[in-house]
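So the structure is just underneath, and the comments pick up after that.
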Amino acid sequence: MRDPIRETFELAIRLNASDIHIHTDQKPVLRVDGRLFPLTTEKVISAELMQSTVDNLLRDDQKEELRTNRQVDTSVEYDDLGVLRINVFMERGKLAMANRIIGSKVPELSELGLPKMVQQLSDIPRGMVLVSGATSNGKSTTLAAIIDDINRKYQKHILTIEDPIEFIFKNRKSLVSQRDIGIDATTFNRAIVGAMRQDPDVILISDLRDIETIENALTAAETGHLVFATTHAPTAPDTITRIVATFPPEKQHTVRVKMSQNLRAVIAQRLVPAKGGTGRVLACEYMIVSARIRELMLDAARIHDIASLMQGDQVTKGVLSFDSHLTELVRDGRVDKETALDFATSRTDMKLRLSGLLS
């Protein structure tokens, strides 16, 4: 029996793809450097082959979830290739899969092109660090690199709570426990509450999906743990406002207080096309939470002023905007000017930066 997942995975690795799309009655499609490429040389995936592949891939409870919700998340690991994060879903009444490629090797922080300030986040003793950005912009990879940096440097118990597990960590100086939602725990909330009885020093939560998960994550940070998590927000300031806005009005002040006391840093990421059209480059902004930012977070009327503070690009004070980092990438010859303009937070400001009129 053919294994279309493995066959396409092997080809995708050779082509440095990030995602694999497999649909019934179609040929596989790869995403390379952010663009989609149909594999015209491959065979069409029949309905019978797709069904047998999904049946072999999913556990009984996942098959039931697929029948009920018409979609389900899972992952598969090949020792010689790495891990695929898989979403099986129904499309026009037929089975389909979107597969994200997760490498078998956890990258080192220095390999990702992150600013030095971000690379120092693994040294924080406690509190919360958030990594935000749209899907497919490297959030999980950045967190994995930070976690493994802690693993290499410190003797700590690191507990990850993921849906599904993406990178497999090997114990180095630290002890790493990885819990997969659906296999090792029923929900994020129960896993985070249970974590309090599992003696962790560091907790990684793959996604802050709802109010209860956010509340429990903040509680973990309050009680002396170092908590890392991802969110979906375009910029570092938006990360704060979106988390606060998740809660009903009567709870928002309490959340602002807890975040001001426990949030240590926010990183926002965008993967942009590299100069020359081959590969992508990580552009990011970061916000180290200072006394000034805490003050703005506490005031509902001024929380939006954090965005203005970010545009000041006071690197020595712990903030760096996307536009500033994109300007650096242009000056270093890694990104062309038009790409920087396309991905800038403010196209007008970016034009001024690139002309030298705005430092």
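The values are calculated or read from the model by the stated rules, or taken from the named source; none is laboratory data. Treat the numbers as computed from the prediction; the structure is a model and nothing was measured. Every residue, glycine as well, gets a Cβ built from its backbone with ideal geometry; the counts of neighbours run over all protein chains shown. The area values use the complete protein model at the heavy-atom level, side chains included, leaving out ligands, DNA and RNA. Shrake-Rupley method; radii C 1.70, N 1.55, O 1.52, S 1.80 Å.
The set of residues from region 181-194 being open to solvent by 50 Å² or more (accessible area, probe 1.4 Å), among the β-branched types (Val, Ile, Thr) and in a helix (DSSP H, G or I) comprises just one member, VAL193. For region 106-116, the condition of being among the polar types (S, T, N, Q) and either within 17 Å of the chain's Cα centre (by Cα) or part of a strand (DSSP E or B) (or both) holds for none of the residues.
Evaluation of ASP349 against the conditions (1) modelled with pLDDT of 90 or more; (2) not in a loop (DSSP other than H, G, I, E, B) shows that the sole unmet condition is (1). When GLN178 is tested against (1) closer than 26 Å to SER18 by Cα; (2) outside any helix (DSSP H, G or I); (3) in contact with a helix residue (DSSP H, G or I) (Cβ under 8 Å, 6 or more places away or on another chain), only condition (3) is not met. Taking the residues in region 5-28 that are of a type in the set (A, V, I, L, M) and free of Cβ contacts under 8 Å to residues at least 60 places away in the same chain as candidates, determine which candidate is most open to solvent (accessible area, probe 1.4 Å). Ranking the candidates gives LEU15 first. Of the residues VAL44, VAL76, VAL129, the single one that is touching a residue at least 60 places away in the same chain (Cβ under 8 Å) and in contact with a Lys or Arg (Cβ under 7 Å, 6 or more places away or on another chain) is VAL129. Tell me whether region 277-287 contains one or more residues that are out of contact with any Phe, Trp or Tyr (no Cβ under 9 Å at 6 or more places or on another chain) and within 18 Å of ARG242 (Cβ to Cβ). So far as region 277-287 goes, yes, one or more of its residues are out of contact with any Phe, Trp or Tyr (no Cβ under 9 Å at 6 or more places or on another chain) and within 18 Å of ARG242 (Cβ to Cβ). Annotation note: of THR213, THR223, the sole residue that is within 23 Å of GLN198 (Cα to Cα), of a type in the set (S, T, N, Q) and open to solvent by less than 10 Å² (accessible area, probe 1.4 Å) is THR213. The set of residues from region 34-56 being closer than 17 Å to ALA98 by Cβ, modelled with pLDDT of 90 or more and open to solvent by less than 80 Å² (accessible area, probe 1.4 Å) comprises LEU39, ILE45, MET50, THR53, VAL54. Scan region 136-144 and tell me whether some residue there is touching a strand residue (DSSP E or B) at 6+ places or on another chain (Cβ under 7 Å), among the hydroxyl-bearing types (Ser, Thr, Tyr) and open to solvent by less than 10 Å² (accessible area, probe 1.4 Å). Looking through region 136-144, at least one residue is touching a strand residue (DSSP E or B) at 6+ places or on another chain (Cβ under 7 Å), among the hydroxyl-bearing types (Ser, Thr, Tyr) and open to solvent by less than 10 Å² (accessible area, probe 1.4 Å). The sole residue among ARG2, ARG70, ARG31 that is open to solvent by 40 Å² or more (accessible area, probe 1.4 Å) and over 29 Å from ASP207 (Cα atoms) is ARG2. Region 195-289 holds strands (runs of 3 or more DSSP E) entirely within its bounds, and those carrying 3 or more residues that are within 30 Å of LEU15 (Cβ to Cβ) and in contact with a strand residue (DSSP E or B) (Cβ under 6 Å, 6 or more places away or on another chain) map to 263-273, 280-288.
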